[in-house]
Amino acid sequence: MVSGVLREVAERLEALAERGECGVIDLKSLPLSSVHLQQLRERLGRGEVTAQLEILGPSEIWETRYPGVWWVRHLDVTDRVAAERIEITRVPDILSAALPDVVTAAQSLNDDLALYAAPRRESTDHGRT
């Protein structure tokens with residue numbers, strides 16, 4: 001079973017490299033035992049990038065030792081695995097900021113800059129009474 005998943009990862013990685021096509025393998029939908037999952041994690045290894053998120057429970061994302069192959073695990077509020085998948089992509093979508101969030105952030109930063117750039121009123125009495 002592990003070899004079959006690895007072959008699929010290899011095919012999808014080639015598609016990413018040659019045509020820019022991304023792919024996802026939903027590990028929860030496959031008949032993989034905990035031993036199979038551990039073997040798959042060991043075979044893919046860990047690369048240089050790891051991210052942790054808090055979205056309806058903790059999530060962990062790590063690039064495997066094969067750039068473009070990402071392991072994505074989402075836990076629920078009781079720390080049980082809610083979703084686990086391998087994403088073959090340059091960067092997982094969940095790590096990309098949504099455009100509406102970027103628009104809001106730009107406005108918020110500009111508002112903060114305007115607040116701090118406002119001239120401050122200094123005392124003009126210079127300690128005189």
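The values are calculated or read from the model by the stated rules, or taken from the named source; none is laboratory data. Just so it is clear, the structure is predicted and the values come from calculations on it, not from any experiment. All Cβ positions, glycine included, derive from the backbone under ideal geometry; neighbour counts span all protein chains shown.
Of note:
- Residue count for segment 42-55 under the criterion of being more than 16 Å from residue 95 (Cβ to Cβ) and out of contact with any strand residue (DSSP E or B) (no Cβ under 7 Å at 6 or more places or on another chain): the result is 3.
- Residue that is farthest from residue 61 (Cα to Cα) [pool: residues in segment 31-51 that are of a type outside the set (S, T, N, Q) and outside any helix (DSSP H, G or I)]: 31
- Of all residues in segment 29-59, those that are more than 12 Å from residue 2 (Cβ to Cβ), of a type in the set (A, V, I, L, M) and surrounded by 10 or more Cβ atoms within 10 Å (Cβ to Cβ) total 4.
- Residue that is surrounded by the fewest Cβ atoms within 10 Å (Cβ to Cβ) [pool: residues in segment 60-109 that are within 15 Å of residue 37 (Cβ to Cβ) and among the basic types (Lys, Arg)]: 80
- Condition check for residue 26: surrounded by fewer than 14 Cβ atoms within 10 Å (Cβ to Cβ), of a type in the set (Asp, Glu) and either on the phi > 0 side of the Ramachandran plot or at pLDDT below 95 (or both): no
- Scope segment 6-23; condition of a type outside the set (Asp, Glu), over 14 Å from residue 87 (Cβ atoms) and either at pLDDT below 95 or surrounded by 11 or more Cβ atoms within 10 Å (Cβ to Cβ) (or both); matching residues: 6, 10, 17
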